[in-house]
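First comes the structure, then the notes that go with it.
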């Protein structure tokens with residue numbers, strides 16, 4: 001008997017309409033027989049708001065004699081409860097997996113209703129597969145030979161959705177599925193387990209056996225004919241399964257299974273990126289959401305199966321470019337370990353379609369350990385890209401930190417540290433890009449409350465070396481429209497800056513043209529830099545091309561409206577400078 005369910009029901013039933021519920025809960029079959037002899041059809045199917053009809057309760061209590069009596073009295077085996085899970089007595093029996101009760105309830109289901117429970121998206125076969133009741137799947141297949149194709153396919157998808165490897169093995173053995181259905185099941189299996197109603201409060205749970213089952217599942221479906229390189233059409237990322245699995249640290253087992261069953265480690269997505277491109281930065285750890293980390297295990301698996309760090313994406317970037325930007329020295333060296341000596345010799349001169357070297361990318365990502373390594377191996381600290389960017393300029397660009405969330409931007413101290421590494425190795429500080437950006441313009445994009453901190457010290461150093469404090473350049477003043485275009489980068493660098501400014505050149509709401517350096521500092525709240533250039537003669541009352549003064553730029557800045565303390569500090573600097 002279902003003692004645990006009975007215990008939970010102890011205080012829940014009240015009133016004459018629930019007398020049947022009470023008798024079943026208390027295992028009082030004679031009393032149930034007496035009540036049924038007097039009950040109407042509606043009373044036999046009276047629903048308790050929490051536990052359902054008397055037949056639901058009998059199933060939950062594993063009370064086969066009560067089930068027999070209720071079904072003989074006309075209890076509906078397909079009565080759908082109004083609770084969140086919306087389960088029928090048949091579905092409840094299947095979910096619990098008590099074979100004798102499943103068989104008895106099934107025998108009472110009309111022939112025309114067997115393939116689909118009324119008002120339910122799930123069939124008995126699908127529920128058994130989804131909840132891993134493999135013995136019930138076997139029983140149902142034995143009890144009826146005429147399961148519709150849509151029902152057996154739904155059961156296969158249900159089992160794959162919850163990584164029920166045993167149920168999938170059984171279904172593949174007993175049912176002849178079309179190849180496109182097996183492929184779709186593979187794509188389902190590569191994804192995370194689906195969330196059911198009972199998972200909504202605590203989330204979907206995973207343990208070690210789950211991930212082993214996912215690997216078994218993938219291998220079984222590929223063995224049954226699914227192509228591990230076929231594009232996923234119904235997933236968030238419509239790409240090859242391996243390129244989906246590589247985006248999550250939790251799915252490294254699935255990645256391993258795909259590689260072991262013939263997935264191409266160098267298959268590319270629509271942007272030309274391979275799995276090694278995607279693994280070059282911190283990835284989602286769904287079980288610890290929201291968090292991310294580098295997946296060195298996935299990288300090793302790919303390299304062992306022949307993944308190449310020389311594959312280029314549509315922009316000419318290799319996985320090495322991506323790793324230089326988004327990883328650390330340990331991971332970068334892991335990427336390099338797959339190269340032969342000849343390839344390694346050309347590492348320092350490796351460029352993408354826009355002339356950006358690995359050092360450009362490491363500098364833009366603020367990865368000083370990788371920068372030091374590249375410089376020690378011959379990378380040119382003054383290499384100029386197609387639109388005039390040097391590694392120094394990239395180091396000061398306010399880029400994202402490289403992780404999968406993309407919401408955290410490089411900090412000013414990290415940018416200053418990266419710039420110092422390059423300057424210490426002979427980087428030219430008097431440079432500007434095709435867009436007119438100088439190191440000071442880029443340094444001015446960091447919110448800086450400290451008038452005497454690292455940003456101010458670097459600004460002082462650059463000015464003392466001859467940096468132009470009057471230089472003008474166009475600046476993105478609003479990122480709202482940029483976020484609507486996935487192909488543009490609100491905080492870009494290199495050729496991406498040229499792309500962004502070109503697209504929005506005529507949109508004054510997005511790009512302000514030819515802004516003085518002081519206006520850049522005013523817009524972003526770069527107090528330390530502003531103090532330095534004002535001390536060296538920058539005009540506190542200079543106007544931009546629209547006639548706007550620096551003080552007005554502070555007031556109109558979206559960023560400064562969220563940082564009133566910095567805004568007031570900046571305005572005070574301007575007032576003091578005008579008073580001198």
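The values are calculated or read from the model by the stated rules, or taken from the named source; none is laboratory data. Keep in mind that this is a model prediction, so the values were computed, not measured. Quick reminder, even Gly has a Cβ in these numbers, built from the backbone with ideal geometry, and neighbours come from all protein chains shown.
Table for the structure above
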| item | result |
| --- | --- |
| In the stretch 46-68, the residues that are under 20 Å from residue 110 (Cβ atoms) and surrounded by fewer than 21 Cβ atoms within 10 Å (Cβ to Cβ) | 68 |
| Selection from the stretch 196-215 of residues that are surrounded by 17 or more Cβ atoms within 10 Å (Cβ to Cβ) and either in contact with a strand residue (DSSP E or B) (Cβ under 9 Å, 6 or more places away or on another chain) or more than 17 Å from residue 287 (Cβ to Cβ) (or both) | none |
| Pair list, Cβ under 6 Å, 6 or more apart: the stretch 152-165 residue in contact (Cβ under 8 Å) with a residue 12 or more places away in the chain, other residue surrounded by fewer than 21 Cβ atoms within 10 Å (Cβ to Cβ) and outside any helix (DSSP H, G or I) | 152/175; 161/194; 162/193; 163/193; 164/132 |
| Every pair of residues 6+ apart whose Cβ atoms lie under 8 Å, when the first sits in the stretch 48-60 and is at positive phi and at pLDDT 95 or above while the second is surrounded by 22 or more Cβ atoms within 10 Å (Cβ to Cβ) and in a helix (DSSP H, G or I) | none |
| Matching option when the condition is closer than 25 Å to residue 100 by Cβ and modelled with pLDDT under 95, among 151, 134 | 151 |
| Subset tally (residues that are under 18 Å from residue 448 (Cα atoms) and over 40 Å from the mean Cα position of the chain (by Cα)) for the stretch 541-573 | 5 |
| Within the stretch 27-42, considering residues that are more than 54 Å from the chain's Cα centre (by Cα) and within 14 Å of residue 66 (Cβ to Cβ), the one surrounded by the fewest Cβ atoms within 10 Å (Cβ to Cβ) | 30 |
| Among the candidates 87, 9, residue that is surrounded by 19 or more Cβ atoms within 10 Å (Cβ to Cβ), at pLDDT below 95 and within 24 Å of residue 107 (Cα to Cα) | 87 |
| Filter result for the condition that a residue is surrounded by fewer than 19 Cβ atoms within 10 Å (Cβ to Cβ), farther than 26 Å from residue 437 by Cα and touching a residue at least 40 places away in the same chain (Cβ under 8 Å), over 354, 328 | 328 |
| Residues satisfying the stated conditions in the stretch 448-470, i.e. modelled with pLDDT of 95 or more, surrounded by 17 or more Cβ atoms within 10 Å (Cβ to Cβ) and not in a helix (DSSP H, G or I) | 467, 469 |
| Subset of the stretch 211-259 [under 19 Å from residue 304 (Cα atoms) and out of contact with any helix residue (DSSP H, G or I) (no Cβ under 7 Å at 6 or more places or on another chain)] | 229, 249 |
| Yes/no for residue 221 being within 28 Å of the chain's Cα centre (by Cα), modelled with pLDDT of 95 or more, part of a helix (DSSP H, G or I) and surrounded by fewer than 19 Cβ atoms within 10 Å (Cβ to Cβ) | no |
| Residues of the stretch 82-108 satisfying the condition of being more than 22 Å from residue 132 (Cβ to Cβ), assigned to a loop (DSSP other than H, G, I, E, B) and in contact with a helix residue (DSSP H, G or I) (Cβ under 9 Å, 6 or more places away or on another chain) | 108 |
| Some residue of the stretch 238-261 being in a strand (DSSP E or B), modelled with pLDDT under 95 and touching a strand residue (DSSP E or B) at 6+ places or on another chain (Cβ under 8 Å) | yes |
| Per-region count, the stretch 237-293, residues over 24 Å from residue 328 (Cβ atoms), surrounded by fewer than 21 Cβ atoms within 10 Å (Cβ to Cβ) and within 12 Å of the chain's Cα centre (by Cα) | 1 |
| Residues of the stretch 200-217 satisfying the condition of being part of a helix (DSSP H, G or I) and in contact (Cβ under 8 Å) with a residue 40 or more places away in the chain | 210, 211, 212, 213, 214, 215, 216, 217 |
| Residue among 510, 527 that alone is surrounded by 16 or more Cβ atoms within 10 Å (Cβ to Cβ) and more than 25 Å from residue 462 (Cα to Cα) | 510 |
| Qualifying positions in the stretch 498-525 - outside any loop (DSSP other than H, G, I, E, B) and under 17 Å from residue 575 (Cβ atoms) | 518, 519, 521, 522 |
| Breaking point among (1) assigned to a loop (DSSP other than H, G, I, E, B); (2) more than 22 Å from residue 218 (Cα to Cα); (3) free of Cβ contacts under 8 Å to residues at least 40 places away in the same chain, for residue 281 | (3) |
| Residue among 554, 571 that is in contact with a helix residue (DSSP H, G or I) (Cβ under 7 Å, 6 or more places away or on another chain), surrounded by fewer than 20 Cβ atoms within 10 Å (Cβ to Cβ) and assigned to a helix (DSSP H, G or I) | 571 |
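This table checks each residue for (1) assigned to a loop (DSSP other than H, G, I, E, B); (2) touching a strand residue (DSSP E or B) at 6+ places or on another chain (Cβ under 7 Å); (3) modelled with pLDDT of 95 or more.
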position	(1), (2), (3)
139	no, no, yes
145	yes, no, no
163	yes, no, yes
168	no, no, yes
